[in-house]
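The values are calculated or read from the model by the stated rules, or taken from the named source; none is laboratory data. Being a predicted model, the structure only gives us computed values, none of them experimental. Quick reminder, even Gly has a Cβ in these numbers, built from the backbone with ideal geometry, and neighbours come from all protein chains shown. Remember, those area values only see protein heavy atoms, side chains included, never the ligands or the DNA or RNA. Shrake-Rupley method; radii C 1.70, N 1.55, O 1.52, S 1.80 Å.
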Amino acid sequence: MNSRITAISVYAPSKRISNDWFADKIETNNEWIISRTGIKERRFAESDEYTSDMCIKAVKNLLAENPGITLDDVDFIFVGTTTADQVMPSMASQVQNAFNIQNTGCLDIMAACAGFVYGLVLAKGLIAAGTHKKILVFGAETLSKFTDFTDRTSCILFGDGAGVALVEPWIQPKILNAVTGSDGSHGKDLYLSQHNELVNGEHIDANGKIHQNGKVVFKWAIQTVTTKVRELLAKNFMKAEQLDWIILHSANLRIIEAVAAELNYPMDKMLTSIECFGNTSSASIPLAWDLAMKAGKIKSGNKILMLGFGGGLTFAGVIIEA
């Protein structure tokens, strides 16, 4: 059984945080942030707004934008997130409860910035197995609640948001071959820990905040993403010029520009969300998709390569047909 994404929607908090917001907190300015990251602003959740709330609001937007969709027959929910309200109940279970969806599996995916694409890969597998027929896949993060605002190198990056896709069976294959993987040796280079003070036997700061070795992650991302995009194209017997769009995780605009240059792929066909939402981890790919849809860029039949990468260090990529 084949599958496709039949609908997608997002939610972003209303609180806009400009680059100037950081000026009286750390040594930085608007020009410095834009030049190094491409970020112009990001959104922060309210103090009483959490990841589950944003997932629920994303579903409400999905229903409002697609009046023909019903949820009563949804039979699995995946939520990609590393910033859950709590370890249990899962964010997926909270979505289930909010909409009173009966007989649905619920699972959170802790794959950091690759979480949304991992969810699509898993949804495709369940539908192919014939065990499930209607699956909600989320990427949702409240990174602002886990950000160390004294860390000049990382606090400027992160924002909050949520995206949701509906995956259903289809006659023709619309979610194509995927690549997944991780390099656990780099675990200490991007982590969020509240308990264990060791990663791979090395001491870390287990203070419940995000920590990142920016130089290492930047270099790893460019090398790994470029390699995996080529591998993904080969697995699908395609060339880059056959793609209409590429959506990489919006970690940093400079990473995306470097990958585009390595692939000799036009930067104007790289869809991003970094400029107005910052780095939203697992939510960045659906946010970029939504921005492009609203701008009239993505058309039915377009071939889109999506690849997320982040903490683990992990990655997941897939090619889909809109």
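Just a few scattered comments:
- Environment charge at residue 287 (Cβ cut-off 12 Å; Lys +1, Arg +1, Asp -1, Glu -1): -1
- For residue 134, the shell of other residues with beta-carbons less than 9 Å away shows a net charge of -2, using +1 for Lys and Arg and -1 for Asp and Glu.
- Of all accessible heavy-atom area on the stretch 172-322, the percent that carbon and sulfur account for (1.4 Å): 50
- Solvent-accessible heavy-atom area per residue, rounded to whole Å², over the stretch 21-83 at 1.4 Å: 47
- Rolling a 1.4 Å probe across the protein heavy atoms gives the stretch 243-303 an accessible surface of 34 Å² per residue.
- Greater than 29 Å apart at Cα, pairs in 57/294; 57/174; 133/188: 133/188
- Length gained on full extension, residue 262 to residue 171, computed as 0.36 nm times the residue gap minus the Cα-Cα distance: 29.2 nm.
- Size estimate for the stretch 1-115 follows the Kirkwood approach: the inverse of mean 1/r over distinct Cα pairs works out to 16.5 Å.
- Basic side chains Lys and Arg get +1 at the Cβ, acidic Asp and Glu get -1 at the Cβ, and with that the dipole of the stretch 53-178 about its Cα centre reaches some 280 debye.
- Placing a pseudo-label 7 Å from each Cα along the Cα-to-Cβ vector at residue 198 and residue 16 gives an inter-label distance of 4.9 nm.
- The distance linking the stretch 267-322 with the stretch 119-173 is 11 Å (Cα centroid to Cα centroid, whole angstrom).
- The stretch 207-322: relative contact order in percent, alpha carbon pairs under 8 Å with at least 6 residues between: 27
- Only DSSP H runs of four or more residues enter the estimate; each adds -39500 (n - 2.57), and after division by the residues of the chain the mean residue ellipticity at 222 nm equals -9000 deg cm²/dmol.
- Sorting 202-215, 126-139 by average packing, meaning the other beta carbons within 10 Å per residue, from highest down gives 126-139, 202-215.
- Percent of beta bridges antiparallel (DSSP, the chain, rounded to nearest 5): 70
- Within the stretch 45-191, antiparallel bridges make up roughly 45 percent of the DSSP beta bridges whose residues both belong there.
- Candidate aspartates and glutamates for bridging to residue 299, where Cα separation is under 16 Å - those fewer than 8 sequence places away on the same chain excluded: 244, 268, 290, 321
- The charge dipole of the stretch 145-256, taken about its Cα centre with unit charges on the Cβ of Lys, Arg, Asp and Glu (plus for the first two, minus for the last two), comes to roughly 320 debye.
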